[in-house]
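K.L.:
Let me begin by handing over the structure; questions about it come next.
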Amino acid sequence: MTSEPEVLIEQRDGLGLITLNRPKAINALNHSMALAISAALHAWSDDDEVRTVVVTGAGERGLCAGGDIVAIHIDATDGAAGADSPTGRFWRDEYVLNALIGRYPKPYVVVMDGIVMGGGVGLSGHGSHRIVTERSKIGMPEVGIGFIPDVGGTYLLSRTPGELGTHVALTTARMNAGDAIAAGFADYYLASEHLPALLDTLRTETAEIAIAKFASAAPASGLLAQQGWIDACYSADTVEEIVARLQAHEAPQAAKAAADILTKSPVALKVTLRSLRSARSAPNLEAVLNEEYRVSIAALASADLVEGIRAQVIDKDRNPQWSPATLADVTAAQVDAYFAELGDQELGLVSND
């Protein structure tokens, strides 16, 4: 008895249909899935029989909960770090896929229903038609496992209104549908009950017409409503100053944000802030992905990634012992090391601008 493929690829009625098919793992992305998706997108890009690409996730829980971090933990624990490790090769192909999605020449309709985290944002956030529902929960939770937002996440986070993205990255806050649209992670709001009809309508209508038939006004964004104190606190140049401003601010949500930040990996927090500031001035997605690849490869060799995945996913004691243990203990040299060039192992993406 053969098991079902982990990603279903179909072509019919003018549509290229991609369904992530690991519902028990909330469709967590692995290397073979990324390669299958890339191959399909390349094949469809110049196929006149495909008008629109549609990406969905199997099951009721979400589009994609992120990358397969248990496999990443195995590599990191075994000392199999570096660009030539299985994880390093996976990330290389995954980031190339993220860039392909960002430049895709045809409508790329992605249904961000339910949980969309980490690698799931990479599959959705760079698409042309990004749909959220009342069940959407979107985030980049990397600093909670000693990692740094990747898959072009720093590109998206750095381009939110004001400092909303900095807040989301450093606290690992979850965005709902209204938040995601306000922050530039999504475009359209649909009630989930309309998704089957939308997918059916896409067979005969353009993406714009089909979505317009079912889209409704996005819910108000609680995140956007807090931009005042978020901008005031997160515009600081260091994580220490951000925390100090949060602790001193009168908004009750600010104190909670500070407390949340202080539970995350200190070195990952500092690297993330630098990554966000760098991404903000980067010329395009490809440049950001190139830098993210350097940072991710460095993180793979770090103690905090091993410890973070252990605490959150393997042992689930939720009590990581970070090293260095405090923000004050993290040196500039430790942060700099994450951005070191990789020589002939660079990702090397070039934009078509």
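The values are calculated or read from the model by the stated rules, or taken from the named source; none is laboratory data. Since we're looking at a predicted model, the values are computed, not measured. Neighbour counts are summed over all protein chains in view; Cβ atoms, including those assigned to glycine, are modelled from backbone coordinates with ideal geometry. These accessible areas exclude ligands, DNA and RNA; they are computed on the full protein's heavy atoms, side chains included. Shrake-Rupley method; radii C 1.70, N 1.55, O 1.52, S 1.80 Å.
K.L.:
What residue, among those in the range 1-23 that are more than 19 Å from residue 205 (Cβ to Cβ) and over 23 Å from the mean Cα position of the chain (by Cα), is most open to solvent (accessible area, probe 1.4 Å)?
P.N.:
Restricting to residues being more than 19 Å from residue 205 (Cβ to Cβ) and over 23 Å from the mean Cα position of the chain (by Cα), the top hit is 1.
K.L.:
A further question follows. Out of (1) open to solvent by 70 Å² or more (accessible area, probe 1.4 Å); (2) closer than 17 Å to residue 169 by Cβ; (3) touching a residue at least 24 places away in the same chain (Cβ under 8 Å), the odd one out for residue 220 is which?
P.N.:
Of (1) open to solvent by 70 Å² or more (accessible area, probe 1.4 Å); (2) closer than 17 Å to residue 169 by Cβ; (3) touching a residue at least 24 places away in the same chain (Cβ under 8 Å), only one is false for residue 220: (2).
K.L.:
Being farther than 21 Å from residue 52 by Cα, touching a strand residue (DSSP E or B) at 6+ places or on another chain (Cβ under 9 Å) and open to solvent by 40 Å² or more (accessible area, probe 1.4 Å) is the filter here, so list the residues in the range 157-205 that pass it.
P.N.:
Listed by number, the residues that qualify are 174, 176, 181.
K.L.:
Residues to consider are 153, 102; find the one that is open to solvent by 10 Å² or more (accessible area, probe 1.4 Å) and either under 16 Å from the mean Cα position of the chain (by Cα) or touching a residue at least 40 places away in the same chain (Cβ under 8 Å) (or both).
P.N.:
Working: 153 fails: open to solvent by 10 Å² or more (accessible area, probe 1.4 Å).
Result: 102 is the single residue among 153, 102 that is open to solvent by 10 Å² or more (accessible area, probe 1.4 Å) and either under 16 Å from the mean Cα position of the chain (by Cα) or touching a residue at least 40 places away in the same chain (Cβ under 8 Å) (or both).
Here is a yes/no grid of residues against (1) over 23 Å from the mean Cα position of the chain (by Cα); (2) not in a loop (DSSP other than H, G, I, E, B):
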{"site": "282", "(1), (2)": "no, no"}
{"site": "288", "(1), (2)": "no, yes"}
{"site": "294", "(1), (2)": "no, yes"}
{"site": "298", "(1), (2)": "no, yes"}
{"site": "306", "(1), (2)": "no, yes"}
{"site": "312", "(1), (2)": "no, yes"}
{"site": "325", "(1), (2)": "yes, no"}
{"site": "333", "(1), (2)": "yes, yes"}
{"site": "341", "(1), (2)": "no, no"}
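K.L.:
Any residue at all in the range 244-265 that is surrounded by fewer than 17 Cβ atoms within 10 Å (Cβ to Cβ) and β-branched (Val, Ile, Thr)?
P.N.:
yes
K.L.:
Identify, by number, the condition in (1) in a helix (DSSP H, G or I); (2) surrounded by 15 or more Cβ atoms within 10 Å (Cβ to Cβ) that residue 320 doesn't meet.
P.N.:
That leaves (1) as the condition not met.
K.L.:
Does residue 351 meet the test of being at pLDDT below 95 and in contact with an Asp or Glu (Cβ under 8 Å, 6 or more places away or on another chain)? Step through it out loud before you land on a result.
P.N.:
Values: at pLDDT below 95: yes; in contact with an Asp or Glu (Cβ under 8 Å, 6 or more places away or on another chain): yes.
Answer is yes for this residue.
K.L.:
Identify the single condition in (1) part of a helix (DSSP H, G or I); (2) surrounded by 23 or more Cβ atoms within 10 Å (Cβ to Cβ); (3) touching a residue at least 40 places away in the same chain (Cβ under 8 Å) that residue 33 does not satisfy, given that it satisfies every other one.
P.N.:
That leaves (3) as the condition not met.
K.L.:
Oh, and also: Among the residues of the range 48-68, is there at least one that is modelled with pLDDT under 95, touching a helix residue (DSSP H, G or I) at 6+ places or on another chain (Cβ under 6 Å) and open to solvent by 10 Å² or more (accessible area, probe 1.4 Å)?
P.N.:
yes
K.L.:
Tally time: how many residues in the range 266-310 are open to solvent by 10 Å² or more (accessible area, probe 1.4 Å), hydroxyl-bearing (Ser, Thr, Tyr) and more than 26 Å from residue 230 (Cα to Cα)?
P.N.:
Residues flagged as open to solvent by 10 Å² or more (accessible area, probe 1.4 Å), hydroxyl-bearing (Ser, Thr, Tyr) and more than 26 Å from residue 230 (Cα to Cα) within the range 266-310 amount to 1.
K.L.:
Here's something else I'd like to know. Given the structure, is residue 107 touching an Asp or Glu at 6+ places or on another chain (Cβ under 7 Å) and open to solvent by 10 Å² or more (accessible area, probe 1.4 Å)? Lay out the reasoning, then the answer.
P.N.:
Details: touching an Asp or Glu at 6+ places or on another chain (Cβ under 7 Å): no; open to solvent by 10 Å² or more (accessible area, probe 1.4 Å): yes.
Against the criterion (touching an Asp or Glu at 6+ places or on another chain (Cβ under 7 Å) and open to solvent by 10 Å² or more (accessible area, probe 1.4 Å)), residue 107 does not qualify.
K.L.:
Considering each of 240, 205 in turn, give the residue that is in a loop (DSSP other than H, G, I, E, B) and over 23 Å from the mean Cα position of the chain (by Cα).
P.N.:
Answer to the selection: 205.
K.L.:
Now, a different point. Any residue in the range 270-288 that is under 22 Å from residue 97 (Cα atoms) sitting within a Cβ distance under 6 Å of a residue that is among the aromatic types (Phe, Trp, Tyr) and buried (at least 21 other Cβ atoms within 10 Å of the Cβ)? List the pairs, counting only those 6 or more apart or interchain.
P.N.:
Between residues of the range 270-288 that are under 22 Å from residue 97 (Cα atoms) and residues that are among the aromatic types (Phe, Trp, Tyr) and buried (at least 21 other Cβ atoms within 10 Å of the Cβ), the close pairs are 279/155; 285/155; 288/155.
K.L.:
Within the set of pairs 6+ apart or on separate chains, which have a first residue in the range 193-207 that is touching a residue at least 12 places away in the same chain (Cβ under 8 Å), a second that is assigned to a loop (DSSP other than H, G, I, E, B) and surrounded by fewer than 17 Cβ atoms within 10 Å (Cβ to Cβ), and C-beta atoms under 8 Å apart?
P.N.:
Between residues of the range 193-207 that are touching a residue at least 12 places away in the same chain (Cβ under 8 Å) and residues that are assigned to a loop (DSSP other than H, G, I, E, B) and surrounded by fewer than 17 Cβ atoms within 10 Å (Cβ to Cβ), the close pairs are 203/13; 203/14; 204/13.
K.L.:
Output the number of residues of the range 138-148 satisfying the condition of being open to solvent by less than 10 Å² (accessible area, probe 1.4 Å) and in contact with a Leu (Cβ under 6 Å, 6 or more places away or on another chain).
P.N.:
Selection size over the range 138-148: 2.
K.L.:
Answer yes or no as to whether residue 86 is open to solvent by 50 Å² or more (accessible area, probe 1.4 Å) and touching an Asp or Glu at 6+ places or on another chain (Cβ under 6 Å). Spell out the reasoning first.
P.N.:
Details: open to solvent by 50 Å² or more (accessible area, probe 1.4 Å): yes; touching an Asp or Glu at 6+ places or on another chain (Cβ under 6 Å): yes.
The answer is yes for residue 86.
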